[in-house]
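S.K.: Please read through the structure below; I'll follow up with questions.
Readers should treat all values here as calculations from the given coordinates under stated rules, not as data from a laboratory. Please read these numbers as outputs of a predicted model, since none were measured by experiment. Every residue, glycine among them, receives a Cβ derived from its backbone with ideal geometry; neighbour counts consider all protein chains shown.
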Amino acid sequence: MSKTLVVRNGTLIDGSGRPSLRNDAIVIEGNRIKSVGALPPDVALEDRRSVEVIDAGGQWIMPGLIDAHCHVSYGYPVIKGEGKGRGTTRPEFSTLKSARNVQKVLRSGVTSISVPGGTWFTDVGVRDAIKLGLMAGPRMYVAGRMIVSYGCIEDDEPSWEGTPDHSVGKLCNTADEMVTEVRRQSKHGVNFIKMADSRSGESQMLAKEEITAVVAEAHRRNLRVGIHSRGAGSTRAAAEARVDWIIHADLATDRDLEAVAKAGMPIIPTATFLAVVVELGQKIGAEQVQLDINRMKRHFELLCELMQKARKLGIKLLVGTDTGNNSFTPHGDLHAKELEIFVKYGGYTPMEAIVAATRDNAYAVGLEGQLGELAPGKLADLIVLNKDPIADITVLQGGTHLSWVIKDGKIVDLDPRNEVLTFQQAAE
């Protein structure tokens, strides 16, 4: 039988938004939190055969972070000597890289991720390997290849090529084709459907009727729908079609945001990717980043404005980073940078940013009400830090201040030398 795990002492940030307070004992049985507060009389700390104790004295305890926008099978990091054509052409190699990526994510204090698109059904396989105890990794809530039409992001090949199998986009040019793809992805076990409009949002590529058809079929199959939408037209169409969340929305007008507020879905701004592009462009030059720095800077500024506007309208913002979308967004490094951006540019307090990245972000992994808050009955995902994230929100970045990571009630091995675990080790 597994031991009861008790986290004693320290300062508790429970994810509810309430002020931090002195922690007495968090008692974990199985993968759920049994109690928070006074130590229950039936838990004998001296019984080390059935009870394991973590002393968090002088440290800070909070829910495990959730990244609402993290790619793991886009082909990054590029490995020196890896032979490949355009894109990630070998599913076997992609799967092994993805398995390693998610272990880095977990060891940075991110215990859950939402994966809005990748190659083949790689992410579904990695998710299931974690769930079945084959390897360590965060909870994963995954989409398949994103549904696109001509002119959308990830429609990068000539029209006679379409979208090859190793692409992260799936070309569908009618509502019927899109519905068929929803059914195919549902059959292969995705958690949600990702649609994607134009790359930068200047033009609307997906018709409202197409988005509505996808939403109707996905919801009939108990799947959610997220959409990459930077532009005004696509954002309004997505809101009116009742998608479950909108990614970016930086070019949305005030009227479009009012439509989002009325419909009640959250937005995932994903400002981290743009912030890193701007920072790298200033340090090493735009030609090395290979992106239009001025355009990226403008999109970043618009996202910062969006954060302020959304709060006034009552639109909930979720925390995602676009980690894994390029070589300069490595797994394990930047998952908490979005919190810093929320505080620095979005008008959030550190506590509000933590709530957004934990309790609120549970929605992006399909576990709202069950995850992201340290309270009795909740899933036991938590981290222990040696510095106070309320005093300095940046201490959450990169996992450098982690003392403990607990996911699903089990202590995570933080030694990077142990990135590949056997079934027996993971099961134990």
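S.K.: At a Förster distance of 60 Å, what's the computed FRET efficiency of SER50 paired with ARG255, Cβ-Cβ distance as r, to 0.05?
M.R.: Values: r = 60 Å, r/R0 = 1.00.
That pair, SER50 with ARG255, gives E of 0.50.
S.K.: A further question follows. Relative contact order for the stretch 1-99: what percent, with Cα pairs under 8 Å and sequence separation of 6 or more? Before the final figure, lay out each step's value.
M.R.: Working: 133 pairs, mean separation 27.6, N = 99.
Normalised by residue count, the contact order of the stretch 1-99 is 28 percent.
S.K.: Something else now. Could you sort 74-80, 136-142, 242-248 so that the peptide with the highest average Cβ count within 10 Å comes first and the rest follow in order? All intermediate terms of the calculation are to be shown ahead of the outcome.
M.R.: Working: 74-80: 15.6, 136-142: 25.7, 242-248: 24.1.
Descending mean neighbour count gives 136-142, 242-248, 74-80.
S.K.: With every atom except the alpha carbons ignored, what do you get for Rg and Dmax of the stretch 296-347, in angstroms?
M.R.: That works out to 11.9, 35 Å for Rg and Dmax.
S.K.: Sorted from largest to smallest, which semi-axis lengths in Å does the alpha carbon gyration tensor of the stretch 95-216 give for its equivalent ellipsoid, taking the root of 5 times each eigenvalue? All intermediate terms of the calculation are to be shown ahead of the outcome.
M.R.: Details: eigenvalues 159, 43, 36 Å².
Largest first, the stretch 95-216 gives 28, 15, 13 Å.
S.K.: With only Lys, Arg, Asp and Glu charged, each at its Cβ (+1 for the first two, -1 for the last two), find how big the charge dipole of the stretch 65-365 is about the Cα centre; round to the nearest 20 debye.
M.R.: Details: 38 positive and 36 negative charges, 175 e Å.
I would put it at about 840 debye.
S.K.: What percent of all Cα-Cα pairs in the stretch 14-61 falls in each 5 Å bin, counting up from 0?
M.R.: In whole percents, the pair-distance histogram is 4, 17, 28, 28, 15, 6, 2, 0.
S.K.: Please give the helix 254-263 orientation as an angle from the longest Cα principal axis of the chain, in degrees from 0 to 90, rounded to the nearest 10.
M.R.: Between the helix axis and the principal axis of the chain, the angle is about 60 degrees.
S.K.: Now, a different point. Which three numbers, in whole Å and largest first, are the semi-axes of the equivalent ellipsoid of the stretch 1-138 derived from its Cα gyration tensor as √(5λ)?
M.R.: Details: eigenvalues 294, 56, 29 Å².
With the √(5λ) rule applied to the stretch 1-138, the semi-axes are 38, 17, 12 Å.
S.K.: While we're here: Could you work out how far apart the two model spin labels at ASN173 and LYS387 are, taking each label as a point 7 Å from the Cα in the direction of the beta carbon, and quote it in nm?
M.R.: Rounded to a tenth, the inter-label distance reads 5.4 nm.
S.K.: Please list the radius of gyration and Dmax for the stretch 65-365, considering alpha-carbon atoms only, with Å as the unit.
M.R.: 17.8, 51
S.K.: If the cut-off is a Cα-Cα distance under 19 Å, which lysines reach LYS187, setting aside same-chain residues fewer than 8 apart in sequence?
M.R.: Output for LYS187: LYS131, LYS170.
S.K.: Assuming R0 = 60 Å, what is the FRET efficiency of TRP160 and GLN370, from their Cβ-Cβ distance, to the nearest 0.05? All intermediate terms of the calculation are to be shown ahead of the outcome.
M.R.: Values: r = 47 Å, r/R0 = 0.79.
Computed FRET efficiency for TRP160 and GLN370 comes out at 0.80.
S.K.: Moving on. Averaged over all directions, how much area does the convex hull of the C-alpha atoms of the stretch 245-327 cover when projected, in nm²? Write out the running numbers ahead of the final one.
M.R.: On the way: hull surface 21.3 nm².
Over every viewing direction, the Cα hull of the stretch 245-327 projects on average to 5.3 nm².
S.K.: Quick check: net charge around THR270, other residues with Cβ under 12 Å of its Cβ, Lys/Arg +1 and Asp/Glu -1?
M.R.: Numbers: positive: ARG230, LYS337; negative: ASP67, ASP250, ASP322, GLU338.
Here the charged neighbours net out to -2.
S.K.: How much length would be gained if the chain were fully extended between GLU301 and ARG32, taking 0.36 nm per residue of separation minus their Cα-Cα distance, in nm to one decimal? Can you show the working numbers first?
M.R.: Details: separation 269, 0.36 × 269 = 96.84 nm, distance 4.07 nm.
That pair, GLU301 and ARG32, stretches by 92.8 nm at full extension.
S.K.: Could you calculate the contour length gain from ASP292 to LEU39, that is, 0.36 nm times the residue separation minus the distance between their Cα atoms, to one decimal place in nm? Each step should come with its number before you reach the end.
M.R.: Numbers: separation 253, 0.36 × 253 = 91.08 nm, distance 5.61 nm.
Roughly 85.5 nm would be gained on extension.
S.K.: Go through LYS344/LYS387; LYS309/LYS337; LYS34/LYS309; LYS337/LYS410 and tell me which ones have a Cα-Cα distance over 30 Å in this structure. Write down the numbers at each step before the final one.
M.R.: Working: LYS344/LYS387 19 Å; LYS309/LYS337 21 Å; LYS34/LYS309 39 Å; LYS337/LYS410 26 Å.
Flagged as over cut-off: LYS34/LYS309.
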